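Note sheet for the following structure.
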Amino acid sequence: MPAASHAALFQKLPSTDELLQHREVRALVQRDGHTAVTDAIRAVLGRLRQEIADDRLDAKSLELALAGLPAAIEGQLRRSLTYSLRTVINATGVILHTNLGRAPLPTAVLDHLRQTSLVYSNLEFDLESGERGQRDVHVDRLFQKLFAEFADETGKNALSSIVVNNNAAAVLLVLNSLAEGGEVIVSRGELVEIGGSFRIPDVMAKSQATLREVGTTNRTRVEDYENAISEHTRLLLRVHRSNFAITGFTEQPSLAELVALARSRNLLLMEDLGSGALIDLRLAGIANEPSVFDSLRAGVDVVTYSGDKLLGGPQAGVISGRADLVARLRSNSLFRALRVDKLTYAALEATLLAYVKGDHDAIPALRMMRLSKEEIARRAEALAQQMKPSTKLRVELLDGESVIGGGAAPTATLPTRLVALTHAELSADELCTRLRDSNPPVIARVEEGRVLLDVRTVFPEQDAALAAAFGSL
């Protein structure tokens, strides 16, 4: 379209002030406020200008758009003044889906949050003494119960735990507290990158500790650590490869070997466990994923792990280890900068209490891991039956695999039953887009030209909404 034609169309657009005087728009101002309505008008007019510039509007279509401006402004207001963070249906079969918020929280968390956040709480107040207390006691007391096997004959536990805002922060705090100005020895095969392009070497650099790499990407021996030890060495670091696996011609020293080396050279051993399971996951059919207990029993001095992965709680970085070392971490001024708020403590406390009670099915992520293929198949068949009335939608049931996700247990898969969908008029990607536009949005996966639904990660109370998403297809 010639520039002159663009100019003619631009001249037909009303100004923001003109629209603010429109009767229907004045009603919106009274309801939602001048600032919000003005922003909505500018957004709508901005889209129209862009469509004119892109030759997507001619004179006739512009007239139609101008007639619908009040409705468009109200729609923009509705979108801008509602929550952006929304409930979605996770039908991907990825249990700890990082993009979908990782671990869903136990129901008890909501009750505890309501009780302690809508009014005042004893977050840092000792009710017995009437004096200021420490906020981490609320979860450390539960960790003490979980780690009761490490207590001596007097009942005093040799371990303690503190919480920061995520596992990267936990690693940063430990390295800064225990190795600042010194060297930390780590295998090249463990210099992992986690989500968002954050890399272990970068975290170590921020801690003011010096990284000393040993071994090769695929093979590192305990002798490599031993030969690298010098008067500058403060810490041996083991990083669990929780988000990838190295197979083939590989070698890695055992935890027992690293513990023995650290003891013989009077050094500390830290393990960045990452995913942080508090139960034996073999009970859920997941092998080769170490738990926090495995590390502590082996003699690791300090273990760091996430709260929102295999633990199944809120985002947090947990540090568990020797009580004297944890006391040093607590006294570091960096701890205050990285500490979590009352909401995280309440959510983590409610999650840990389920572990203390042995009620593992109360933790959604663990419950999903333990679902059998037969249980999933029954729900998948029921869902497929509700979809069959559609003549455009082809529905099949297939065997498949669910995964843990979230940078945990990278080689573990769980047998499942999938609902596979193809549409007579829509491609798989177009069908996925339609599902994301439903209310609530449905997130699925595409493989071999089909949309796959895995109800392992769909809450049973969402089954009806999932079926309804296909009603108009």
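In the chain, with Lys and Arg counted as +1 and Asp and Glu as -1 at Cβ, which of these residues, 315, 286, 144, has the Cα nearest the positive end of the dipole, that is, farthest along it?
315
From the alpha carbon gyration tensor of the chain, can you work out the equivalent ellipsoid semi-axes (sqrt of 5 times each eigenvalue) and give them in Å, largest to smallest?
Details: eigenvalues 477, 170, 125 Å².
Listed largest to smallest, the semi-axes of the chain are 49, 29, 25 Å.
List the lysines whose Cα sits under 22 Å from the Cα of residue 342, skipping any in the same chain fewer than 8 residues away.
List returned: 145, 309.
When the gyration tensor of region 245-343 is built from Cα positions, what are the square roots of 5 times its three eigenvalues, in whole Å, from largest to smallest?
On the way: eigenvalues 120, 89, 26 Å².
Sorted largest first and rounded, they come to 25, 21, 11 Å.
Would you list the P(r) distribution for region 3-80, with all Cα-Cα distances sorted into 5 Å bins from 0 and each bin expressed as a whole %?
The percentages, shortest bin first, are 3, 16, 29, 22, 15, 9, 4, 1.
Grab the eigenvalues of the alpha-carbon gyration tensor for region 330-406, scale each by 5, take roots, and send me the semi-axes largest first in whole angstrom.
Working: eigenvalues 352, 54, 28 Å².
They are 42, 16, 12 Å, listed largest first.
Using a 7 Å offset from the Cα along the Cα-to-Cβ direction at both residue 158 and residue 436, what is the distance between the two label points in nm, to one decimal?
5.2 nm
Counting other C-beta atoms within 10 Å, which of 345, 120, 305, 83 has the fewest, and how do the rest follow?
Working: 345 23, 120 9, 305 27, 83 6.
Exposure proxy ranking, most exposed first: 83, 120, 345, 305.
Treating the angle as unsigned and between 0 and 90°, give the value, to the nearest 10°, between the Cα long axis of helix 373-387 and the longest Cα principal axis of the chain.
0 degrees
Give me the extension gain from residue 99 to residue 257: residue separation times 0.36 nm, minus the current Cα-Cα distance, reported in nm with one decimal.
Values: separation 158, 0.36 × 158 = 56.88 nm, distance 3.71 nm.
Additional length available on full extension: 53.2 nm.
If one takes the longest principal axis of the Cα atoms in the chain, at what angle in degrees, from 0 to 90 and to the nearest 10, does the Cα axis of helix 23-32 lie?
20 degrees
About its Cα centre, what dipole magnitude does the chain give when the only charges are +1 on Lys and Arg Cβ and -1 on Asp and Glu Cβ, stated in debye to the nearest 20?
Working: 54 positive and 60 negative charges, 142 e Å.
It works out to roughly 680 debye.
Compare the peptides 99-105, 322-328 by average per-residue count of other Cβ atoms within 10 angstrom and give them in order, highest first. Walk me through the numbers on the way to the answer.
Details: 99-105: 19.4, 322-328: 15.4.
Peptide ranking by packing, descending: 99-105, 322-328.
Please figure out what share of the DSSP beta bridges in region 104-362 is antiparallel and state it in percent, rounded to the nearest 5.
Working: 16 of 35 bridges.
Taking every DSSP beta bridge with both residues in region 104-362, the antiparallel ones total about 45 percent.
Over the chain, what is the percentage of antiparallel beta bridges among all DSSP beta bridges, to the nearest 5?
Numbers: 34 of 56 bridges.
Within the chain, antiparallel bridges account for around 60 percent of the total.
What list do you get for 223, 190 if you sort them by fewest beta carbons within 10 Å?
Values: 223 13, 190 19.
Final ranking by Cβ density, sparse to dense: 223, 190.
Is it possible to state the helix-based mean residue ellipticity at 222 nm for the chain, with each DSSP H run of 4+ residues giving -39500 (n - 2.57), the sum divided by total residues, to the nearest 500 deg cm²/dmol? What is it? If you can, show how the numbers build up before the last one.
Working: 20 runs with 199 residues, N = 473.
It comes out at -12500 deg cm²/dmol, rounded to the nearest 500.
Counting other beta carbons within 10 Å of each Cβ, put 136, 54 in order, fewest first.
Numbers: 136 21, 54 9.
Fewest-to-most ranking of 136, 54: 54, 136.
Note the direction-averaged projected area, equal to a quarter of the hull surface, for the Cα convex hull of region 108-188, in nm².
Details: hull surface 37.4 nm².
Over all viewing directions, region 108-188 projects a mean Cα-hull area of 9.4 nm².
Rounded to the nearest 0.05, what FRET efficiency do residue 85 and residue 464 give with R0 = 25 Å and r taken as the Cβ-Cβ distance? Could you check? Mind showing how you got there, number by number?
Values: r = 23 Å, r/R0 = 0.91.
Step by step, r from the Cβ atoms, then E = 0.65.
If you take the Cα Rg of region 333-460 and divide it by 2.2 N^0.38 Å, with N the number of residues, what do you get? Write down the numbers at each step before the final one.
Values: Rg = 18.9 Å, N = 128, 2.2 N^0.38 = 13.9 Å.
So the Cα radius of gyration is 1.36 times the expected 2.2 N^0.38 Å.
Mind pulling the angle between the C-alpha long axis of helix 342-357 and the longest principal axis of the chain? Nearest 10 degrees, somewhere in 0 to 90.
60 degrees
Starting from the Cα of residue 18, step 7 Å along the direction of its Cβ; do the same at residue 341; then give the gap between the two resulting points in nm.
Here the modelled spin labels are 4.5 nm apart.
No value in this document is a laboratory result; all are computed from the given coordinates. Here the structure is a predicted model, which is why all the values come from computation and not from measurement. Here the Cβ is made from the backbone with ideal geometry for all residues, glycine too, and neighbour counts use every protein chain on show.
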